[in-house]
Amino acid sequence: MARVYNFSAGPSILPEVVLKQAAEEMLDYKGSGQSVMEMSHRSKVYDDIIKEAEKDLRDLMNIPDNYKVLFLQGGASQQFAAIPMNLMKNGVADFIVTGQWAKKAYQEAKKYGKANVLASSEDKTYSYIPDCSDLPISEDADYVYICHNNTIYGTTYKKLPNTKGKILVADMSSDILSQPVNVEDYGLIFFGVQKNVGPAGVVVVIVREDLVRDDLPEYVPTMLKYKTQVDAESLYNTPPCYGIYICGLVFKWVKSMGGLKAMQAHNEKKAKILYDFLDQSKMFKGTVVKEDRSLMNVPFVTGNDELDAKFVKEATAAGFVNLKGHRSVGGMRASIYNAMPIEGVEKLVEFMKKFEEENM
Ligand SMILES: *Cc1c(COP(=O)(O)O)cnc(C)c1O
């Protein structure tokens with residue numbers, strides 16, 4: 001078996017121990033004689049799986065009791081529509097556009113109400129986070145929306161925007177569980193799980209109780225009403241059972257690693273190795289401003305498209321895969337999510353050094 005160092009932005013690397021456990025439990029989950037894929041989502045054995053996943057996530061993130069946790073389908077993108085449908089009471093939302101994911105969420109929200117862009121970093125290919133200390137927040141805004149970590153561009157909020165008392169909504173798809181989060185700073189947090197937690201298709205929504213409304217417009221699909229999903233405890237219809245099971249295993253793994261503070265220390269150590277190298281390299285350069293660098297996604301370029309392509313090709317052959325950057329940034333991107341071991345980053349940097357020496 002040859003496992004590679006996988007730097008994919010998503011779907012992405014998962015902890016090897018989790019994959020092994022899933023393999024072991026594939027044919028017979030805990031003496032049930034069934035795979036988790038085969039069992040009824042209404043069975044006691046499955047109920048324990050989803051309840052335990054929720055409990056572990058609550059423990060990890062310290063989620064207060066007045067927040068609901070939903071395991072849903074449709075990925076993060078489905079929430080770009082569900083959020084305005086559920087949260088727009090006045091029909092107004094403010095957006096900070098720091099990348100393509102925030103922009104897509106903004107464009108989708110426009111279909112359901114008035115969506116305002118308060119700040120954007122599109123002028124410089126989203127290579128920084130705008131100053132959000134004194135934004136012209138709309139008086140009647142139902143919420144202010146951010147993408148907390150910009151997967152494509154490699155920026156992240158080091159300080160949350162001043163929403164002037166309005167509810168903050170955050171897409172944390174690519175940095176969930178990478179560091180502690182104060183859930184009470186938000187009205188709603190959501191994440192597609194395929195970056196840091198599990199198989200694509202599952203999206204987790206953490207929403208404050210009082211934002212779960214029953215008085216929604218007639219057109220809102222039953223499946224997209226948070227109230228439907230809250231009342232049914234995420235089992236209104238068949239949930240993505242197997243995906244949720246894997247998420248549960250990953251939550252246990254994060255716990256075993258020491259929780260979110262320990263995860264943060266691990267991630268900071270990893271990211272520093274790569275950023276320190278980029279800062280002194282004569283060939284490779286990071287593409288975003290230093291203050292806003294992500295711990296999870298690290299885009300870099302040589303400044304020469306041919307050399308970038310050569311690097312990606314040789315890195316792939318050496319077992320460092322999925323390093324090609326997003327087409328809108330070019331160059332390379334190393335996604336170093338929770339499950340990437342320090343050794344993976346150390347070896348990548350060694351490889352980059354060698355490449356630099358051979359190609360200068
Ligand atoms: C990957 C990603 C998405 C899209 O997720 P899907 O599950 O494919 O809809 C949205 N937001 C962020 C920040 C992402 O990284």
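The values are calculated or read from the model by the stated rules, or taken from the named source; none is laboratory data. Since we're looking at a predicted model, the values are computed, not measured. Heads up, the Cβs are rebuilt from the backbone with ideal geometry, glycines too, and the neighbour counts pull from every protein chain shown.
Only one of ARG333, ARG327 is without any contact (Cβ under 8 Å) to a residue 40 or more places away in the chain, out of contact with any helix residue (DSSP H, G or I) (no Cβ under 7 Å at 6 or more places or on another chain) and either buried (at least 21 other Cβ atoms within 10 Å of the Cβ) or not in a helix (DSSP H, G or I) (or both). Can you tell me which?
Testing whether each residue is without any contact (Cβ under 8 Å) to a residue 40 or more places away in the chain, out of contact with any helix residue (DSSP H, G or I) (no Cβ under 7 Å at 6 or more places or on another chain) and either buried (at least 21 other Cβ atoms within 10 Å of the Cβ) or not in a helix (DSSP H, G or I) (or both) leaves just ARG327.
Check whether at least one residue in region 188-200 is out of contact with any Asp or Glu (no Cβ under 8 Å at 6 or more places or on another chain) and more than 15 Å from the ligand (Cβ to nearest atom), and report yes or no.
no
Suppose we keep only residues that are more than 12 Å from the ligand (Cβ to nearest atom) and in contact with an Asp or Glu (Cβ under 8 Å, 6 or more places away or on another chain) within region 128-156. Which one would you say is nearest to PRO84 (Cα to Cα)?
Top of the filtered list is TYR143.
Hey, can you tell me all the residues within region 252-302 that are among the charged types (D, E, K, R) and assigned to a helix (DSSP H, G or I)?
Correct list: LYS252, LYS255, LYS261, GLU268, LYS269, LYS270, LYS272, ASP276, ASP279, LYS290, GLU291, ASP292.
Give me the pairs: first residue in region 208-236 and assigned to a loop (DSSP other than H, G, I, E, B), second residue among the aromatic types (Phe, Trp, Tyr), beta-carbon distance under 6 Å, and six or more apart or on different chains, which are they?
Listed by first residue and then by second, the contacts come to VAL212/TYR226; SER234/PHE71.
From the list TYR153, TYR145, TYR236, which one is buried (at least 23 other Cβ atoms within 10 Å of the Cβ), of a type in the set (Phe, Trp, Tyr), out of contact with any Gly (no Cβ under 8 Å at 6 or more places or on another chain) and modelled with pLDDT of 95 or more?
TYR145
Select from region 64-93 the residues that are more than 21 Å from the chain's Cα centre (by Cα) and charged (D, E, K, R) and list them in ascending order.
ASP65, LYS89
For region 164-178, give me the residue count where each residue is surrounded by 22 or more Cβ atoms within 10 Å (Cβ to Cβ) and either away from the ligand (no atom under 11 Å from the Cβ) or at pLDDT below 95 (or both).
Qualifying residue count, region 164-178: 3.
Looking at this structure, is ALA22 aliphatic (A, V, I, L, M) and buried (at least 22 other Cβ atoms within 10 Å of the Cβ)?
no
Filter region 85-122 for residues that are in contact (Cβ under 8 Å) with a residue 40 or more places away in the chain, within 16 Å of the ligand (Cβ to nearest atom) and surrounded by 22 or more Cβ atoms within 10 Å (Cβ to Cβ) and give the result.
Of everything in region 85-122, those that are in contact (Cβ under 8 Å) with a residue 40 or more places away in the chain, within 16 Å of the ligand (Cβ to nearest atom) and surrounded by 22 or more Cβ atoms within 10 Å (Cβ to Cβ) turn out to be PHE95, ILE96, THR98, GLY99, TRP101, ALA102, ALA105.
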